[in-house]
Amino acid sequence: DGGITQSPKYLFRKEGQNVTLSCEQNLNHDAMYWYRQDPGQGLRLIYYSQIVNDFQKGDIAEGYSVSREKKESFPLTVTSAQKNPTAFYLCASSTGTADYGYTFGSGTRLTVV
Amino acid sequence: DAKTTQPPSMDCAEGRAANLPCNHSTISGNEYVYWYRQIHSQGPQYIIHGLKNNETNEMASLIITEDRKSSTLILPHATLRDTAVYYCIVRGGGFIKAAGNKLTFGGGTRVLVKP
């Protein structure tokens, strides 16, 4: 079955360490997105990519980095520059056209201690 | 992207229809209305979307007013498993390599279905 996979589901890191969250899709979607969600809040866009080797900053890109070397993969690195990294991170993909919705992964809950 | 306004919460009785309103008075002609829901600690799930006409699928119905400034998501027979946060989103049309093609989530409506 086609889908989008995020791993791991739970991640614990020490303060000051960089950490990379994985996102893989086998839907042949061109566009991929990373969102952050804090407790009781909506989703905020971190980065998005509409084609391989190209990506754009979203609304809260500071302290994050991404790469898009393959169509299937869009990893997110949370760097030590991110002031408050503890959150629920969601990856999504889409064909890119407006008449098609997003498919979301099940999320990674990152806790920095 | 046009902004949307939704009530922060609403309750619904199990087995009854749930009508979720959304205002999007600044929507432009090529923007679609999307509805997603998010059950606690899961990724959002696509429900339905539309441009001008009313739409229906196995999950819900979407009623868009003629002036497109508001819409209503209808869950015809709510079950306990429909308890979730429901997001109404408007999104630009076409494959635009710019801000118009991404989904912007607001606070949504927290729906509690009660037995």
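The values are calculated or read from the model by the stated rules, or taken from the named source; none is laboratory data. These figures come from a predicted structure and were not determined experimentally. Counting neighbours? That spans all protein chains shown, and the Cβs are built from the backbone with ideal geometry, glycine included. Note: accessible area is taken over every heavy atom of the protein model, side chains too, but ligands, DNA and RNA are not part of it. Shrake-Rupley method; radii C 1.70, N 1.55, O 1.52, S 1.80 Å.
Checked against (1) surrounded by 13 or more Cβ atoms within 10 Å (Cβ to Cβ); (2) at positive phi; (3) small (G, A, S), B:S41 passes all but condition (1).
Test A:G16 against the criterion of being within 13 Å of chain B (Cβ to nearest Cβ), open to solvent by 10 Å² or more (accessible area, probe 1.4 Å) and in a loop (DSSP other than H, G, I, E, B), and give yes or no. It would help to see each step written out before you state the result.
Details: within 13 Å of chain B (Cβ to nearest Cβ): no; open to solvent by 10 Å² or more (accessible area, probe 1.4 Å): yes; in a loop (DSSP other than H, G, I, E, B): yes.
No.
State all residues of region B:1-45 that are of a type in the set (G, A, S) and in a loop (DSSP other than H, G, I, E, B); if no residue qualifies, say none. Walk me through how you get there before you give the answer.
Let us first name the residues in region B:1-45 that are of a type in the set (G, A, S), namely B:2, B:9, B:13, B:15, B:17-18, B:25, B:28-29, B:41, B:43.
Passing the criteria: B:A2, B:G15, B:A17, B:S25, B:S28, B:G29, B:S41, B:G43.
Listed conditions (1) surrounded by fewer than 19 Cβ atoms within 10 Å (Cβ to Cβ); (2) more than 14 Å from chain A (Cβ to nearest Cβ); (3) in a loop (DSSP other than H, G, I, E, B) are all met by B:M59, apart from (2).
Against the test of being within 8 Å of chain B (Cβ to nearest Cβ), surrounded by 17 or more Cβ atoms within 10 Å (Cβ to Cβ) and at positive phi, the options A:G101, A:G107 yield a single qualifying residue, A:G107. Candidates A:Q56, A:Q50, A:Q25, A:Q37: the one that is of a type outside the set (G, A, S), open to solvent by 40 Å² or more (accessible area, probe 1.4 Å) and touching a Phe, Trp or Tyr at 6+ places or on another chain (Cβ under 9 Å) is A:Q56. Scanning region A:87-110 for residues that are modelled with pLDDT of 95 or more and more than 13 Å from the chain's Cα centre (by Cα) gives no hits.
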